[in-house]
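Coordinate-derived values only; no laboratory data. The structure displayed is predicted, hence computed values, not measured ones. Positions of Cβ are backbone-derived with ideal geometry, glycine not excepted, and every protein chain shown enters the neighbour counts.
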Amino acid sequence: MKNMTFFRIIPMLPFAFAGQIASAQTPGPSAAAPAAHDTAAAHSSPDTAVTVSFGGFVDNYYAYDFGRPVNFDRPFTTQAVRHNEFNVNLAWVEVKVTGLRVRGRLALQAGTSVQSNYGGEPAIGTVSGPSLSRFIQEAVGGYQIAPTLWVDGGIFLSHIGMENWTSRDNPTYTRSLSFDFTPAYESGVKLTWQATPKLSALITVVNGWQNISENNQDKAVGARLDYARSSSTTFSYYNFVGNEVSSSRLRVFNGVGFKSGLTSAFTLQGNVDYGTQQQAGTGSSSWWSAGLIGKLQVTPVVGISGRAERYQDPDQVIVVTGSPDGFQATMASLGLDVSPLGNTRVLWRSELRGTWAGDPIFPNRSASTGVSKSNTLLVTSLALTF
């Protein structure tokens, strides 16, 4: 979603970034390097060992917003965006191709999170905009140009952040504000290099900040580093540099994050992001966010999660509210996960989430002005992976 209307994707794919954090939207530590004789064989013979696989995911939900928005739409989020309504948050089907030197994924999607997230797609010309783009989660193909170097091109999930587009792969059901206001998808080309068994690097050239259709004549670049300090702890750095809105407004974004399994049952994940953008005739403006998420797997079937986050965008560079102090908000949530099979194939998740802002920006039917400074959400979801 662009500014107030665009929101951050995606299931992580084992082939998309030479291995990655399973619960992150973005790439993580790579899988072990192939054996020397396998690599030699791959580069000396045709790639005949190609595997094609199919899969899918369905996330159905019911959400109750205590502000009871009149038009049922919940602003400032991509997840559980409809109040008092049974609906589909995200459903996708995929076909994946994997081989010694080729890989690819085509995934088609639908759901209310898709409508929200792709609402800011530029519509310049007659063959652009969200009418087609929102149905394409990924359409990407890759080729191994060296034993530890891949090139991929097409539409793919974003390299930014620590969360995933698919709810199943995150410690909490809804996404952080950091996720919702950074790209969930990109369109372009990327190079992924497994520098060492513990360090992976990615460089990407894309159309822009979460857009498949172009909105100006420039391209943007980004990078990501993931360092696996151990089998349970990974540190990440990611960035984005490009002209947005117009060719004279340079946007620079940097973020760091980590994910650590402190014990076999407790996982901690956090991020700090900071961005700046040139403004016409007013110098530059900045925004930042920081968050921490913890999850305790009480039993193989029951898990509990908690989250706290702060997001500051007083100049409304990313989140447009029209209020005097812009979007400055604190968010906290508590979640309960039940996986009857002891894995994520069937997952029932519930979450209580509160958001507090400096200005009255949330729809509230009980308030005399129709808006309030706080918002409370209760959501429950049943998801199936097949």
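Residue-wise, which Karplus ³J(HN,Hα) couplings in Hz belong to the stretch 234-249, taking 6.51 cos²θ - 1.76 cosθ + 1.60, θ = phi - 60°, and x for glycine or proline?
For the stretch 234-249, the Karplus-derived couplings read 10, 10, 9, 10, 8, 8, 8, 9, x, 7, 10, 6, 9, 5, 9, 10 Hz, x marking Gly and Pro.
Hey, with R₀ at 30 Å, roughly what FRET efficiency would Val298 and Phe386 work out to, going by the Cβ-Cβ distance, to 0.05?
Values: r = 26 Å, r/R0 = 0.88.
Working from the Cβ atoms, E equals 0.70.
What value, in deg cm²/dmol to 500, does the helix sum -39500 (n - 2.57) over DSSP H runs of n ≥ 4 give at 222 nm once divided by the residues of the chain? Each step should come with its number before you reach the end.
Values: 4 runs with 23 residues, N = 386.
The helix contribution divided over the chain gives -1500 deg cm²/dmol.
Summing +1 for each Lys or Arg and -1 for each Asp or Glu, what net charge is found among the other residues whose Cβ lies under 13 Å from the Cβ of Phe266? Write out the running numbers ahead of the final one.
Details: positive: Lys259, Lys295; negative: none.
With Lys, Arg at +1 and Asp, Glu at -1, the net is +2.
Within 10 Å of each candidate Cβ there may be at most 12 other Cβ atoms; applying that plus a DSSP loop requirement, which chymotrypsin sites (Phe, Trp or Tyr not before Pro) in the stretch 151-241 survive?
Details: sites: Phe156, Trp165, Tyr173, Phe179, Phe181, Tyr185, Trp193, Trp209, Tyr227, Phe235, Tyr237, Tyr238, Phe240; in loops: Tyr173, Phe181, Trp209.
Within the stretch 151-241, no chymotrypsin sites (Phe, Trp or Tyr not before Pro) qualify (loop, at most 12 other Cβ atoms within 10 Å).
Which net charge results for the neighbourhood of Thr344, defined as the other residues with beta-carbon distances under 11 angstrom from its beta-carbon, given Lys and Arg at +1 and Asp and Glu at -1? Walk me through the numbers on the way to the answer.
Details: positive: Arg168, Arg345, Arg349; negative: Asp169, Asp337.
Cβ neighbours under 11 Å give a net charge of +1.
Give, rounded to the nearest 20 debye, the magnitude of the charge dipole that the chain has about its Cα centre when Lys and Arg contribute +1 at Cβ and Asp and Glu contribute -1 at Cβ. Can you show the working numbers first?
Working: 28 positive and 26 negative charges, 93 e Å.
Dipole of the chain, to the nearest 20 debye: 440 debye.
What is the log10 of I(q)/I(0) for the stretch 46-105, computed with the Debye formula using one identical point scatterer on each Cα and no solvent, at q = 0.13, 0.18 Å⁻¹?
One equal scatterer on each Cα of the stretch 46-105 leads to -0.53, -0.68.
Can you work out the FRET efficiency for the pair Asp218 and Ser131, with r the C-beta to C-beta distance and R0 = 30 Å, to the nearest 0.05? Write out the running numbers ahead of the final one.
Details: r = 24 Å, r/R0 = 0.80.
Computed FRET efficiency for Asp218 and Ser131: 0.80.
What is the projected area of the convex hull of the Cα atoms of the stretch 240-356, averaged over all directions, in nm²?
On the way: hull surface 36.9 nm².
Orientation-averaged projected area of the Cα hull: 9.2 nm².
What distance in nm separates the simple spin-label points at Ser366 and Ala280, each placed 7 Å from Cα in the Cβ direction?
4.2
Could you compute Rg(Cα) / (2.2 N^0.38 Å) for the stretch 210-280, with N its residue count?
On the way: Rg = 16.4 Å, N = 71, 2.2 N^0.38 = 11.1 Å.
Rg over 2.2 N^0.38 Å, computed on Cα atoms: 1.48.
Once you have the Kirkwood Rh of the stretch 3-385 from its Cα pairs, apply Stokes-Einstein at 10 °C and 1.306 mPa s and quote D in µm²/s. Can you show the working numbers first?
Values: Rh = 21.3 Å.
Estimated diffusion coefficient is 75 µm²/s.
Would you pull out the residues with amide H under 5 Å of Val245's amide H, same chain only if 5 or more places away, H placed 1.01 Å from N?
Distant-sequence amide H within range of Val245: zero hits.
Rounded to whole Hz and in sequence order, give me ³J(HN,Hα) for the stretch 353-362 from the Karplus expression 6.51 cos²θ - 1.76 cosθ + 1.60, θ = phi - 60°, writing x for Gly and Pro.
Ordered by residue, 3J(HN,Hα) equals 9, x, 10, 10, 10, x, 10, x, 10, 9 Hz.
One-quarter of the Cα convex hull surface for the stretch 125-180, in nm²?
On the way: hull surface 24.8 nm².
Orientation-averaged projected area of the Cα hull: 6.2 nm².
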